[in-house]
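First up is the structure itself, then whatever we jot down about it.
The values are calculated or read from the model by the stated rules, or taken from the named source; none is laboratory data. In this text the structure is predicted, and so the values were computed from the model without any measurement. Methodologically, a virtual Cβ is constructed for each residue, glycine included, from the backbone with ideal geometry; neighbour enumeration extends over all protein chains shown.
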Amino acid sequence: FLLLQQLPAWVVGIVLVMVCTLSTAAFDSLQSAMVSSASNDLFRNRLNIWWIRAGVVLIIVPTVVIALKAPSVLQIYLISDLVSASVIPVIVFGLVDRFYWWRGFEVVVGGLGGILTVFLFGLVFYEGDAQKAANLLIISEGLYADDWSVFGAFVAAPVGSFLWGFGALGVRLGFQYVMAKKSGRRFDALDRPVGPGFTPDADGVPHTVSREEYTDVTSDVEIVKPAGKFF
C-alpha cells in the first residue's frame with residue numbers, strides 16, 4: 001500500500017482491477033467447493049439441485065457480513081486462521097488409519113465446538129462480557145492486542161475442538177450401543193474396516209493400500225476404497 005501511494009493513478013487503477021478480479025475468482029471457486037463438499041460428504045449428492053444452489057446463495061450472507069465488519073484484510077485472514085485452528089486438527093486426526101473409529105460426526109461437532117470454545121474462553125477471560133467474547137471470534141482487537149486474549153483464542157480453538165470431538169464420539173458410540181441392544185444386533189461401531197482398500201499390518205491395525213496392491217490392472221473392473229461413514 002505504501003508503494004501504491006507513490007504510483008500514478010492509472011497504475012493504481014489497473015492494480016485495483018486485477019486484485020478485484022483475482023479475489024472474485026478465488027472466492028467463486030471456494031464458494032462452489034464448500035457447497036459441493038457439503039453436498040457430497042454430508043448428503044451423498046442426494047440433495048435436489050435447487051437446495052445446492054440455495055446453499056451457494058446462503059454462504060454469501062456471512063461472507064458479506066464479515067467483509068463489512070472487518071476493518072482490514074489482515075483481520076479477515078485472522079478469522080479464517082481461527083476457523084482453521086478449530087476445524088483442521090479434527091480433520092487431520094481422522095486421516096490417520098489407526099483412528100478408523102473417527103467419523104464425520106466428530107469432525108463437524110469438533111469444528112463447531114472449537115469455535116464455541118473460543119467464545120466460552122472469551123466469557124471467562126472478560127469476566128462474563130458477552131460482547132467482548134463475541135468480538136474475540138472476529139479478532140476485533142487485531143493480532144497484537146494489549147492482553148493475552150488472541151493467544152488464548154488460538155489455543156482454545158484446537159483444544160476445544162478435540163474435547164468436543166471426543167465428547168461427540170462418546171455420544172455417538174453410546175447411541176449406537178443403545179440402538180444395537182434395543183434391536184438385538186451386535187454392536188459393531190468399533191469394528192475395524194474390512195473390504196477393498198484395507199489390509200492389516202503386523203499389529204493387526206488396518207491401513208490403506210494403493211490401487212496397484214489390490215486391483216488387477218488387466219481387469220476391466222476397478223475396485224475402490226469404500227466410502228467412510230458420517231455417523
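For every residue, the table says whether it meets (1) assigned to a helix (DSSP H, G or I); (2) surrounded by 13 or more Cβ atoms within 10 Å (Cβ to Cβ).
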| site | (1), (2) |
| --- | --- |
| Asp147 | no, no |
| Val150 | yes, yes |
| Phe154 | yes, yes |
| Trp164 | yes, yes |
| Leu173 | yes, yes |
| Tyr177 | yes, yes |
| Lys181 | yes, no |
| Leu190 | no, no |
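Return the residues of the range 112-141 that are more than 18 Å from the chain's Cα centre (by Cα), surrounded by 20 or more Cβ atoms within 10 Å (Cβ to Cβ) and touching a residue at least 24 places away in the same chain (Cβ under 8 Å); say none if nothing qualifies.
Of everything in the range 112-141, those that are more than 18 Å from the chain's Cα centre (by Cα), surrounded by 20 or more Cβ atoms within 10 Å (Cβ to Cβ) and touching a residue at least 24 places away in the same chain (Cβ under 8 Å) turn out to be Phe121, Gly122, Ile139.
Only one residue in Val92, Val73, Val109, Val96 is surrounded by 12 or more Cβ atoms within 10 Å (Cβ to Cβ) and either of a type in the set (A, V, I, L, M) or under 20 Å from Phe27 (Cα atoms) (or both), so which one is that?
Values: Val92 fails: surrounded by 12 or more Cβ atoms within 10 Å (Cβ to Cβ); Val73 fails: surrounded by 12 or more Cβ atoms within 10 Å (Cβ to Cβ); Val96 fails: surrounded by 12 or more Cβ atoms within 10 Å (Cβ to Cβ).
None of the others qualify; the one that does is Val109.
Identify the single condition in (1) crowded, with 16+ Cβ neighbours inside 10 Å; (2) in contact with a helix residue (DSSP H, G or I) (Cβ under 6 Å, 6 or more places away or on another chain); (3) of a type outside the set (A, V, I, L, M) that Arg103 does not satisfy, given that it satisfies every other one.
Every listed condition holds for Arg103 apart from (2).
If I ask for residues that are in contact with a Lys or Arg (Cβ under 9 Å, 6 or more places away or on another chain) and outside any helix (DSSP H, G or I), which ones from the range 89-100 would you list?
The answer is Tyr100, and nothing else.
Is there a residue being part of a helix (DSSP H, G or I), in contact (Cβ under 8 Å) with a residue 60 or more places away in the chain, closer than 21 Å to Pro193 by Cβ and among the basic types (Lys, Arg) anywhere in the range 62-71?
No; the residues of the range 62-71 include none that is part of a helix (DSSP H, G or I), in contact (Cβ under 8 Å) with a residue 60 or more places away in the chain, closer than 21 Å to Pro193 by Cβ and among the basic types (Lys, Arg).
Looking at (1) more than 30 Å from Arg192 (Cβ to Cβ); (2) at pLDDT 90 or above, which is the only condition Leu22 fails?
(2)
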